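Single-structure report; data block below.
The values are calculated or read from the model by the stated rules, or taken from the named source; none is laboratory data. Keep in mind it's a predicted model, so treat the numbers as computed, not measured. Positions of Cβ are backbone-derived with ideal geometry, glycine not excepted, and every protein chain shown enters the neighbour counts.
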There are 2 protein chains.
Amino acid sequence: MVAGIRTPNPLNEDTKNEQNEHLPSLQVAMSEIYEQLSAIRNQLEDHYTDMQDIEFTIQDGRLWMLQTRVGKRTGTAALNMAMDMLSEGLIDKQTAVLRVKPEQLDELLHPIVDPAAEASADLIAKGLPAGPGGAVGQIVFSAEDAVKWTREGKTVLLVREETNPEDVEGMRAAVGILTGRGGMTSHAALVARGWGKCCIVGAGALEIDVVGKKIEVDGKVFSEGDVLTLNGTRGLVFAGELSMIDATENPRFVDFMKLADEFRVLKVRTNAETPDDARTAIDFGAQGIGLFRTEHMFYGTGSEEPLFLLRKMIMSGSESERRAALDELYPFVKGDMKATLDVMGERPVTIRLLDPPLHEFVPQSADERSKLAEALSIDASELDRRAEELHEMNPMMGHRGVRLGVTFPEITEMQIRAILEAAVELRQDGKACFPEIMVPVTGMKAELEDQLAIAKKVHAEACSKYGVDEIEHLYGTMIEIPRACLTADEIAETVEFFSFGTNDLTQMTFGFSRDDIGGFLPDYLDKTILPVDPFQVLDRDSVGVLVATAIDKGRSTRPDLKIGICGEHGGEPNSVEFCHMVGMDYVSCSPYRVPVARLAAAHAQINHPRN
Amino acid sequence: MVAGIRTPNPLNEDTKNEQNEHLPSLQVAMSEIYEQLSAIRNQLEDHYTDMQDIEFTIQDGRLWMLQTRVGKRTGTAALNMAMDMLSEGLIDKQTAVLRVKPEQLDELLHPIVDPAAEASADLIAKGLPAGPGGAVGQIVFSAEDAVKWTREGKTVLLVREETNPEDVEGMRAAVGILTGRGGMTSHAALVARGWGKCCIVGAGALEIDVVGKKIEVDGKVFSEGDVLTLNGTRGLVFAGELSMIDATENPRFVDFMKLADEFRVLKVRTNAETPDDARTAIDFGAQGIGLFRTEHMFYGTGSEEPLFLLRKMIMSGSESERRAALDELYPFVKGDMKATLDVMGERPVTIRLLDPPLHEFVPQSADERSKLAEALSIDASELDRRAEELHEMNPMMGHRGVRLGVTFPEITEMQIRAILEAAVELRQDGKACFPEIMVPVTGMKAELEDQLAIAKKVHAEACSKYGVDEIEHLYGTMIEIPRACLTADEIAETVEFFSFGTNDLTQMTFGFSRDDIGGFLPDYLDKTILPVDPFQVLDRDSVGVLVATAIDKGRSTRPDLKIGICGEHGGEPNSVEFCHMVGMDYVSCSPYRVPVARLAAAHAQINHPRN
């Protein structure tokens, strides 16, 4: 039976199914022993106050109990059992909350492929489970087609060798994403996880021909328009359409989350940059935005004009040219921030100033370059020269974040003006809003002093323009550079909040470029040189030490310093527990991770209570 | 007189010169006041036991003393005065040692341009003082020409827009290097400083035309073969030949260094990879090699064959192909290590295992690529594909150092075999040698355990092959990743020594890519957001904290842990003082910095005594 070569007899008449209905049940065949087993089972489950996985044998008409342990269950089952036992008074609230693992919520938040359907389906490939849930759709091979087909009312899966920022609109349009290359931190995986979208990456067995618009695998061919099903939670690709299960609208889920919140002390915010994402996150219980990336507006629908102006600014030859381009860009930036601030209302919104190195935005195509050269009244070779000058060997540690603000103060100025004027305009319309200005990539207090001087100047100008005494906001910084952690006492003299950027902090603490770990991380995990990917689970022995040091030092000079974390770790249960234990005020994660973080924070308070 | 518009009268007859010989001296014109002044001067210099810079005035026949302070002096003057005063019993040994600043030794170690000659010379451009001393030579515009002309007995200056590793032989052949582009940490600057060679980089005013073999500046043209003079200490480029001063053979210098060594407790090693550099460093007082970079052998004269084999290894498609290429490479690696171990004798030699990312060695030219493809029996497109696969976004934090050793254990194996077999062969020839195996880019103990297993296996094999019980060596690691500092207690359980790589540690602590700081560091220094370049002077507030943490933690689990530093900071006086204060055993720096480090270490012990 354990080997799976015999079909077991059913326990009772109620649990008969099509595989075993021809077999007699224990209840019928040995009714006395069945009653005895049932009584022992009840006694065990009462004792452990949990569902049990019991092993027994019957020899010569006598029942022998072999083993009992807590039974495994799906997320849905865990939630249902916990709420049932709570309402039956078998367990208390705290125990009910602990009965569901935060990771299990993922399953409840996304439609999933029906496991019964999977059992008999045609599995064509396996890949990495990069974005949770299931998705069924017709395959298309370009972002443009994904957008076009979706507009035509079709449901599509976007299939690519790998994705890049130009594919973002297509990824958004598709119900699922499938790539042949890339790891758990590839572009496709990061974007999909951020959206909570079903995604499988690195399905290497598939020969993807985006020009010929077909997939070949094991002699089978799937062409544009053919239907596939993705199980993004397990990384499985199936031919044809499989049925799906949706558990999100379960009212018990809503009740359970309320219960969890009774214990939680850590606040949960979200990383969002659009009114839509902000609304989704609020529905999931987000208490603010912990990371609004200003640069998002240069990607995706409607980004053509601001992106062009940004590029013009980047390629300017002088400060006056740069200021002229920034003036043109200004209304877009202000409008973009204002829309999300409006949705969030009184909930705080942390807006990060421009972070990426400028050359990320330099156009690659000759056509776009010549258009840009024309707008700048320079020739193509001069544009190429300026683009070449921006090239960096290690852009992750190059001219980005606050370093841009120091060398080009006018960029900081424009952004802070946009934030403050958006806020004062909303307030003058009788609306609540609470912006927090966040400086990225800080390594030393003097950088923040430099930028604060700009913020103060802009604030005074905006107050005078709008006839107010003050535009309420906070001024703070990302803590993502080891030096910032080590000198956090000085830094906290200048800023009102810290937000840990543990993605970059992990990069620098380990000396691991996230874009390049594919070359060695799989071997590190195989050989258990690393127990887990430190970009998924915060490494308490190193990154955690720097975080704790920064918190201690920061609060030593500013006891009321507001402290949070943004980035992937903010939605990972083990990392959320750590954030709770070191005394952060909040975590921030992508909208679909908000319930996971809420439950993880509740568990953390139950297991490690703090005031 | 202070404005410099009047020629002052000479003080006495002895100090008359061609500018002032027509003027009466104070000694003749006012002999009584001259005697009075002379007596006061003697009294002041006796009191301060140092040369004084005195201001006075004479009004209505009366002498008024205005100010006195310690007089500024050149390095040569400082040394001479200190040794004179010591021999006259005016000051004690300790004071004599403190009278010369470590930085001033630079001047004594390199021939310099005669300041008198500079005053009337034709200054054509200014650049950054990247390599100290002066140099006169005929200009050439390619590394090949530099080598060829030097072989023909000419003395040349190599002029380039910027340099790269292919220029190294030309740079070595030239007496000085001049580039139009690049900063203090450009390739030219790093290489030149390592060799103590005169070098000026970033002389932007020069229009360098390497094809036309000429320099244009301010309407003047200098063609191949024309003579220029470089003052690398100050970054000045002069037309024509200026006279030079050489102070290195001063016996007082030798005596002074002996005196300094009486105080010093910190050992001083050198970074060297050739028998020649090793000998130079020993002459300068180096007590060992703190950093022998195995990869050096793939650059410069005689590197063609090993470089080709290395490339073959890198581009191999399987472990067996890679092992075959490593076997071919092996005799070169062993021979190279053996030659330097032989020169160093009983002095310890720390050999660092392969550090750079492999793609650094991938050939760029089509010709070299096709040769390589042929040797590997693959076509050009396959070679291009493999090369492309090695490309990284942020190579500094990519697949390098111990990460190579983990994914390709056979590379580690070959190198450790070379080290141990070179050592046992030297010893069997009756020679002393002491190799220390150093693993680079370590972030966690498990990496070192993984590599140690290889070292033990190779050690056992080599012992058996050579019929010995043991091949004495140490096993240690670079500490250059923040995580290594934070977990140094665990790491020290596995290794016998630490060598701090504060170049990389500074990169990761600040999040500054050394190759890319040109975009913002000048602004940071201008605005004093940073007081100094942290790659030149170790930042005690951040990198220093990590270093001190690592030392405390490391010695907590292994009290006799040997600890040093290698890299640029090891030859910078302020950083050497720090290394002394935190209890390191040695610093290691380029050969020409060894005397500077020795004196800095002596000062450190005098100012901050330790046992």
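Here is how the numbers come out for the structure above:
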quantity	calculated
Matching residues in the range B:568-608 - criterion: being within 20 Å of B:PHE497 (Cβ to Cβ), in contact with a strand residue (DSSP E or B) (Cβ under 6 Å, 6 or more places away or on another chain) and among the small types (Gly, Ala, Ser)	B:GLY570, B:GLY571, B:SER588, B:ALA597
Identity of the residue in the range A:392-426, more than 9 Å from chain B (Cβ to nearest Cβ) and among the β-branched types (Val, Ile, Thr), that ends up surrounded by the fewest Cβ atoms within 10 Å (Cβ to Cβ)	A:VAL424
Residue identified as over 38 Å from the mean Cα position of the chain (by Cα) and loosely packed, with under 11 Cβ neighbours inside 10 Å among B:GLN67, B:GLN36	B:GLN67
Test result for B:SER575, in a helix (DSSP H, G or I), away from every other protein chain (no Cβ under 14 Å), touching a residue at least 12 places away in the same chain (Cβ under 8 Å) and surrounded by fewer than 24 Cβ atoms within 10 Å (Cβ to Cβ)	no
Qualifying positions in the range A:526-536 - under 18 Å from A:GLU572 (Cβ atoms) and surrounded by 18 or more Cβ atoms within 10 Å (Cβ to Cβ)	A:LEU530, A:ASP533, A:PRO534, A:PHE535
Residue within the range B:359-379 that is free of Cβ contacts under 8 Å to residues at least 60 places away in the same chain, within 14 Å of chain A (Cβ to nearest Cβ) and polar (S, T, N, Q) present	no
When residues of the range B:477-505 are limited to those that are at the interface with chain A (Cβ under 7 Å from one of its Cβ atoms) and part of a loop (DSSP other than H, G, I, E, B), the one surrounded by the most Cβ atoms within 10 Å (Cβ to Cβ)	B:ILE481
Residues satisfying the stated conditions in the range A:506-559, i.e. in contact with a helix residue (DSSP H, G or I) (Cβ under 6 Å, 6 or more places away or on another chain), aliphatic (A, V, I, L, M) and at the interface with another protein chain (Cβ under 9 Å from one of its Cβ atoms)	A:MET508, A:ILE529, A:LEU530, A:VAL543, A:VAL545, A:LEU546
Filter pass, A:VAL532 being in a loop (DSSP other than H, G, I, E, B) and touching a strand residue (DSSP E or B) at 6+ places or on another chain (Cβ under 6 Å)	no
All positions within the range B:463-485 that are within 35 Å of the chain's Cα centre (by Cα) and among the aliphatic types (A, V, I, L, M)	B:ILE471, B:LEU474, B:MET478, B:ILE479, B:ILE481, B:ALA484
Yes/no for A:ALA387 being surrounded by 23 or more Cβ atoms within 10 Å (Cβ to Cβ), more than 13 Å from chain B (Cβ to nearest Cβ) and in contact (Cβ under 8 Å) with a residue 40 or more places away in the chain	no
Matching residues, the range A:150-172, being crowded, with 22+ Cβ neighbours inside 10 Å and of a type outside the set (D, E, K, R)	A:VAL156, A:LEU157, A:LEU158, A:VAL159, A:THR163, A:GLY170, A:MET171
A:GLY170, sole failed condition from (1) modelled with pLDDT of 90 or more; (2) more than 29 Å from B:GLU389 (Cβ to Cβ); (3) in a helix (DSSP H, G or I)	(2)
Residue count for the range B:120-143, restricted to those that are of a type outside the set (A, V, I, L, M, F, W, C) and not in a strand (DSSP E or B)	6
Helices (runs of 4 or more DSSP H) (entirely within the range B:250-356) containing at least 2 residues that are basic (Lys, Arg) and more than 24 Å from B:PRO573 (Cβ to Cβ)	B:304-314, B:319-344
Enumeration of residues in the range B:74-115 that are among the charged types (D, E, K, R), surrounded by 19 or more Cβ atoms within 10 Å (Cβ to Cβ) and more than 21 Å from the chain's Cα centre (by Cα)	B:ARG99
Cβ pairs under 8 Å, 6+ apart, first in the range B:189-205 and modelled with pLDDT of 85 or more and outside any strand (DSSP E or B), second of a type in the set (S, T, N, Q) and surrounded by 22 or more Cβ atoms within 10 Å (Cβ to Cβ)	B:VAL191/B:THR163; B:GLY202/B:THR179; B:GLY202/B:SER186; B:ALA203/B:THR179
Residue match in the range B:547-556 (condition: in a strand (DSSP E or B) and either more than 23 Å from B:LYS93 (Cβ to Cβ) or not charged (D, E, K, R) (or both))	no
Single residue of the range B:427-466 satisfying the filter (among the charged types (D, E, K, R) and within 14 Å of chain A (Cβ to nearest Cβ)) that is surrounded by the most Cβ atoms within 10 Å (Cβ to Cβ)	B:GLU447
